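Inspection log for the structure reproduced underneath, given as structure tokens.
The numbers here are math on the coordinates, done by the rules we state, and not lab data. Here the structure is a predicted model, which is why all the values come from computation and not from measurement. No Cβ is skipped: glycine too gets one built from the backbone with ideal geometry, and neighbour counts run over all protein chains shown.
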Amino acid sequence: MTISSLTLLGLGAMGQSLAGTALDAGHSLTIWNRTSGKADGLTAQGATAAGSVREAVTASEVIVVCLYDHASVHAVLDTEAETLRGRTLINLTTTTPEEARELAAWADRHSIAYLAGTIMTTPQVIGSPDSVILYSGSQNAFNTHRELLDAWATSSYDGDDAGLASLWDLAMLSGIYSMFAGFLHGVAMLQSASIPASSYAQRAASFMAAMTELLGHSAEHLETGDYSQPLQSLEWTTTLLETINRASREQGITAAPVKMVQWLIQQQIDAGHGAEDFDRIIESMRAATQVQ
Ligand code: FVH
């Protein structure tokens, strides 16, 4: 089903890309941004710039929000709850799961259909086959506006709990940031011996890709909670990580990402689980005493 009208609030780097792609796909688009100047290129492509949030919301049945954070979404929408009544709100702003649920409840109180989306890609990739956006919340909104959503990315629907898309997003990003911190630590080690980052990147890419083959094996441990058949025990691993620590000191750098892993391991060793598998460190993350 082709939508007749669409409003986009927020013309940052991502909003610009979403807007351009929607226009390219033939959608009729109204745009609004807090500060002026960001709409100019898009109006030249056919978008209509609204002078206020109310004017922008009134123009369309579907309102897409792509703002900086949860607080900015409330800053923009709170005074327009009645204007939004009966319309569909698709929020592509990064939030926590609880923030997404809070917005869904707010929308529900005002009879606004609410779909939460999390963008798993950069603005440059929006509209390409590599672009992925995860959704949760109103299944009806997801199904009804699928054509628009699919213009931006491969769209996945994860369930009617509005917080789920966000939970997935942040869980995926957590893995990526930890991996890149480890990559940068490796670069720092090698650069201390004048080996360029590009050499490390080339060798590390295939090594890391090979390591991802082990994720399924870990998942088996994590789903059963049985860590008694270690691929690498906690005691063995902490000895290795201490060696990386000493090597880092020798090279004059700090091994902060490695120390974080050592800390998680130590909780389990102290609790008497040193002979069990490395995957057991997930229990340190679940512990109520964790560092916030
Ligand atoms: N850019 C990316 O690579 C990532 C990819 C993954 C998903 N994110 C999320 O997308 C949201 C928007 O990101 P963005 O890249 O467009 O962000 P900015 O370029 O910084 O633009 C922010 C827009 O938000 C407006 N804004 C900020 N605070 C307020 C406020 N209090 N009231 C109204 N609008 C506000 C800002 O307006 P202005 O500064 O231009 O006036 C921009 O339109 C984000 O959640 C990412 O996590 C992108």
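Helix 13-24 versus the longest principal axis of the chain: what angle, 0 to 90°, nearest 10, using Cα atoms?
With both axes taken from Cα atoms, the answer is about 50 degrees.
So how long is each side of segment 227-292 along the principal axes, counting just the alpha-carbon atoms, biggest first, in Å?
The Cα atoms of segment 227-292 stretch 35, 29, 15 Å along their principal axes.
Please state, to two decimals, what the Cα-based radius of gyration of the chain comes to when divided by 2.2 N^0.38 Å (N = residues).
Relative to the rule-of-thumb radius for its length, the chain sits at 1.23.
Would you list Thr30, Thr144 from fewest to most Cβ contacts within 10 Å?
Thr144, Thr30
For the peptides 196-209, 62-75, what is the packing order when you average, over each peptide's residues, the other Cβ atoms within 10 Å and list the highest mean first?
Listed from highest to lowest mean packing, they are 62-75, 196-209.
May I ask you to work out the translational diffusion coefficient for segment 77-129 at 37 °C, viscosity 0.692 mPa s, via Stokes-Einstein with Rh from the Kirkwood sum over Cα pairs, reported in whole µm²/s?
Value of D from the Cα-based Kirkwood radius: 269 µm²/s.
Rounded to the nearest 500, what is the 222 nm mean residue ellipticity of the chain from helices alone, with -39500 (n - 2.57) per DSSP H run of 4+ residues and division by all residues?
Rounded to the nearest 500, the figure is -15500 deg cm²/dmol.
Nearest 10 degrees, 0 to 90: what angle lies between the long axis of helix 97-109 and the longest principal axis of the chain (Cα atoms)?
Roughly 20 degrees, rounded to the nearest 10.
Could you tell me how many degrees, from 0 to 90 and to the nearest 10, lie between the Cα long axis of helix 197-211 and the main elongation axis, the longest principal axis, of the Cα atoms of the chain?
Tilt of helix 197-211: around 90 degrees.
Pairs of Cα atoms under 8 Å, at least six residues apart: use those to get the relative contact order of the chain, whole percent.
Worked out over the chain, it gives 12 percent.
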